[in-house]
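Notes follow once the structure below has been shown.
Rule-based calculations on the coordinates, nothing more; no lab input. Since this is a predicted model, take the numbers as computed values, not measurements. For neighbour counting, all protein chains shown are included, and Cβ atoms are generated from backbone atoms with ideal geometry for every residue, glycine included.
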Amino acid sequence: MITDEKAYFILDLNDTATPEEIISRYEALKDQYKKIKEETEDLKTRLAYQLKQIELDDAFIYLRKCQKIQ
């Protein structure tokens with residue numbers, strides 16, 4: 001289960017981050033993970049980054065539900 005602490009950890013932000021910083025970081029990490037996943041040929045790495053993308057989406061959804069971002 002995602003908590004505030006874990007969501008901010010996944011996004012590599014502190015809990016004082018503004019909604020704009022959260023959205024910006026989410027988009028940057030999502031693009032970075034997607035690029036790495038697409039560029040690698042190693043199945044293990046691809047799956048690891050797919051899992052990271054899922055965690056990232058979960059953290060973003062959690063923060064949105066908690067109304068930390070609109």
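Scanning the stretch 7-35 for residues that are among the aliphatic types (A, V, I, L, M), within 10 Å of the chain's Cα centre (by Cα) and over 13 Å from residue 69 (Cα atoms) turns up 10, 11, 28, 29. Mind checking which pairs have a first residue in the stretch 2-27 that is within 8 Å of residue 59 (Cα to Cα) and a second that is of a type in the set (Lys, Arg), Cβ under 7 Å, 6 or more apart or different chains? What qualifies is 11/25. Criterion applied to 46, 64 was being surrounded by 13 or more Cβ atoms within 10 Å (Cβ to Cβ), free of Cβ contacts under 8 Å to residues at least 12 places away in the same chain and in contact with an Asp or Glu (Cβ under 9 Å, 6 or more places away or on another chain), and the one residue passing it is 46. Total residues in the stretch 1-43 satisfying the condition of being exposed (fewer than 15 other Cβ atoms within 10 Å of the Cβ) and among the basic types (Lys, Arg): the figure is 3.
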